[in-house]
Amino acid sequence: MSVKQKTKVDVLCVGAATYDLVYSVGRDPQPDEKIRASAFTGCGGGPAANAAITVCRLGLQAVFVGYLGHDIFGKAHMDELQQAGVNTSFITRGDESSALSVVMVKPDGSRSLVNYRKPETFLAAGSVDFSPIDAKVILFDGHEPYISPALAQEAKQQGITTVLDAGSIHSGTEELAGLVDYLVCSEKFGFGFTGASDEEQALEKLSSYAPNVVITLGVRGLVWKNQQGIGSMEAFPIKAIDTTGAGDVFHGALAAGLAQNKEWRAILEYASAAGALCCTKMGARLGIPFKEEVDKFLVSR
């Protein structure tokens, strides 16, 4: 009996796929007020989906696992993923609507976001067979809370490197925080999850959950702690057009660096550069840079 060949991949990304409706506005609207946007774009989004495309644009192979509906938004998103070279064979399709986000981007690049996802679209435990996938790194965003913990535990047993994109505090990120090798979180998560009063204290507390911790601080860069010690890195100075997706790109590039066994500080620098470049274009998906862009950007610094 022949043994089915496994799908070898650099990074397996598990989590959310949304479709983003992005509006450029001068300010947030007041109650009962209508305002006119100066620009609009529609594109795929979601932390894990954006990370998968990031991995591919950086020249590596990615598989995305998540849910997309059979609606127009799901079709558009599937087309984007496939055009980017992401392996979409393990995406679950259904008749429930795809997740949607409305993003309002202000002149300084900051944004407000409203997201909706039907509870019925969260994938049930055991509904995805991961056995055909041979991944170097698995990236979770916590938005598939029923299938992710068991996969993280299995990865630990098999010695597969795991990363958590902990952007916000919810049941998925809380459970995965203690199951991954790299806990890479936002400032909001780092302080909210630990109750810490400063970055050093937050790093110390998070280190009890994972051996490698990174807290991203937006324009202030990042701080980190692992077996090599404690460190920080400044953000690259750029003119921000839209900060949506910068964190997703950072996590995808970091996972790509881990898959390539790059040196730690080089991984952080590369991920920071990729995230910075994402901010220079409107729309998270449209801003995800290619390898050549990141290399050129780093050389010019």
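Restricted to segment 239-260, and to residues there that are part of a loop (DSSP other than H, G, I, E, B) and not hydrophobic (A, V, I, L, M, F, W, C), the residue that is nearest to the chain's Cα centre (by Cα) is Gly245. Which one is nearest to the chain's Cα centre (by Cα), of the residues in segment 123-151 that are part of a loop (DSSP other than H, G, I, E, B) and under 18 Å from Ala166 (Cα atoms)? Checking each candidate, the answer is Asp141. Counted as qualifying within segment 1-105 are the strands (runs of 3 or more DSSP E) with 2 or more residues that are touching a Gly at 6+ places or on another chain (Cβ under 7 Å) and closer than 15 Å to Ile288 by Cβ, namely 18-24, 39-45. Scanning segment 21-47 for residues being more than 30 Å from Lys262 (Cβ to Cβ) and surrounded by 24 or more Cβ atoms within 10 Å (Cβ to Cβ) gives a total of 1. Residues in segment 188-232 that are on the phi > 0 side of the Ramachandran plot and either touching a residue at least 12 places away in the same chain (Cβ under 8 Å) or out of contact with any helix residue (DSSP H, G or I) (no Cβ under 9 Å at 6 or more places or on another chain) (or both): 3 in all. When segment 152-173 is filtered for residues that are closer than 25 Å to Arg220 by Cα and in a helix (DSSP H, G or I), only Thr173 remains.
Residue check: Leu206 meets all listed conditions (1) within 20 Å of the chain's Cα centre (by Cα); (2) under 18 Å from Cys279 (Cβ atoms) but one, namely (2). Per the listing Lys205, Lys262, the residue uniquely surrounded by fewer than 20 Cβ atoms within 10 Å (Cβ to Cβ) and farther than 21 Å from Lys188 by Cα is Lys262. Residue-level check: of (1) of a type in the set (Val, Ile, Thr); (2) touching a residue at least 60 places away in the same chain (Cβ under 8 Å); (3) under 25 Å from Asn115 (Cβ atoms), Thr161 misses just (3). Of the helices (runs of 4 or more DSSP H) lying entirely inside segment 261-301, the ones with 3 or more residues being within 15 Å of Gly245 (Cβ to Cβ) and not acidic (Asp, Glu) are found at 264-278, 284-287. Restricting Gly59, Gly26 to residues that are over 28 Å from Phe297 (Cβ atoms) and either in contact with a His (Cβ under 8 Å, 6 or more places away or on another chain) or in contact (Cβ under 8 Å) with a residue 12 or more places away in the chain (or both) narrows the list to Gly26. Pick from segment 109-122 the residues that are without any contact (Cβ under 8 Å) to a residue 60 or more places away in the chain and not in a loop (DSSP other than H, G, I, E, B): which of them is nearest to Val11 (Cα to Cα)? In this case the residue turns out to be Thr121.
Computed from the coordinates by the stated procedures, all read-outs in this text should not be read as laboratory data. Just so it is clear, the structure is predicted and the values come from calculations on it, not from any experiment. FYI the Cβ positions are ideal-geometry reconstructions off the backbone, even for glycines, and counts take in every protein chain you see.
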